[in-house]
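What follows is calculated from the coordinates using simple rules that are stated; it is not laboratory data. Note that the structure is predicted; figures quoted are calculated from it, not measured. Note that each Cβ is placed from the backbone with ideal geometry, even for glycine, and that neighbours are counted across all protein chains shown.
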């Protein structure tokens with residue numbers, strides 16, 4: 001029995017020696033291995049060749065221009081690629097009926113004013129009562145309000161550009177019917193200033209701030225670096241990728257820089 005017990009003790013000790021080390025416990029062979037490489041950057045984060053963050057140049061505003069009223073398109077004064085100014089007339093609807101209404105209202109106002117001028121002479125001679133004179137004044141005011149209404153109705157037949165920008169797309173041609181709830185005549189883009197959209201690792205959240213300067217490289221499309229400014233730092237971090245979005249504003253007064261190109265950005269201090 002003593003021999004059996006000794007054999008069991010020896011087997012138990014041998015089993016303990018063969019147990020693998022605990023997780024995280026260093027082994028002699030581990031000390032000789034090359035350290036594991038660092039994990040790759042989060043998905044969606046690209047590093048440019050110059051060490052900056054990859055980014056995309058986008059218009060600061062894209063607008064689909066239509067009409068607030070139904071009608072038939074009479075003319076479109078711009079084409080794709082044309083530059084437009086805010087308030088510039090870019091298209092018109094057929095407006096013969098509305099123009100005639102304005103002309104009629106204007107004639108009524110002119111007639112009412114002449115009639116009121118004659119009434120003042122009669123009132124001085126006490127040939128008309130004060131009540132009659134007041135009715136004439138009130139009639140002229142009502143005609144003027146009708147004229148203003150008709151003029152505003154006529155303005156709705158004229159389509160103007162709401163921004164300074166360029167025409168990206170022309171969708172309708174003269175003669176087509178416009179629906180106020182769904183028809184788009186032109187698609188416009190404002191490219192001064194431009195927006196620079198970048199996705200950066202979440203660790204940048206502590207260092208980035210609104211108003212921070214940055215340099216944007218647009219090679220090979222445009223040579224040289226351009227000064228931009230951070231205008232948006234997302235307050236919500238994407239947990240899946242460990243990234244956050246950053247928007248910068250880049251002046252483009254002569255429309256030299258096109259939108260829709262890739263770029264790289266290096267943030268300043």
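Looking at the stretch 66-87, is at least one residue within 30 Å of residue 143 (Cα to Cα) and touching a helix residue (DSSP H, G or I) at 6+ places or on another chain (Cβ under 9 Å)? So far as the stretch 66-87 goes, yes, one or more of its residues are within 30 Å of residue 143 (Cα to Cα) and touching a helix residue (DSSP H, G or I) at 6+ places or on another chain (Cβ under 9 Å).
Residues are listed down the side, and each one gets a yes or a no for (1) within 22 Å of the chain's Cα centre (by Cα); (2) farther than 17 Å from residue 199 by Cβ:
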position: 221; (1), (2): no, yes
position: 228; (1), (2): yes, no
position: 238; (1), (2): yes, no
position: 251; (1), (2): yes, yes
position: 257; (1), (2): yes, yes
position: 262; (1), (2): yes, no
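The set of residues in the stretch 157-206 that are surrounded by 14 or more Cβ atoms within 10 Å (Cβ to Cβ), in contact (Cβ under 8 Å) with a residue 24 or more places away in the chain and not in a strand (DSSP E or B) comprises 157, 161, 162, 163, 164, 172, 183, 184, 185, 202, 204, 205.
So which of 233, 216 ends up being more than 14 Å from residue 265 (Cα to Cα) and surrounded by 15 or more Cβ atoms within 10 Å (Cβ to Cβ)?
After ruling out the rest, the residue left standing is 233.
Considering only residues in the stretch 213-239 that are free of Cβ contacts under 8 Å to residues at least 24 places away in the same chain and assigned to a loop (DSSP other than H, G, I, E, B), the one that is farthest from residue 57 (Cα to Cα) turns out to be 239. Could you tell me whether the stretch 112-129 includes any residue that is surrounded by 13 or more Cβ atoms within 10 Å (Cβ to Cβ), under 52 Å from the mean Cα position of the chain (by Cα) and in a helix (DSSP H, G or I)? The answer is yes; a qualifying residue exists.
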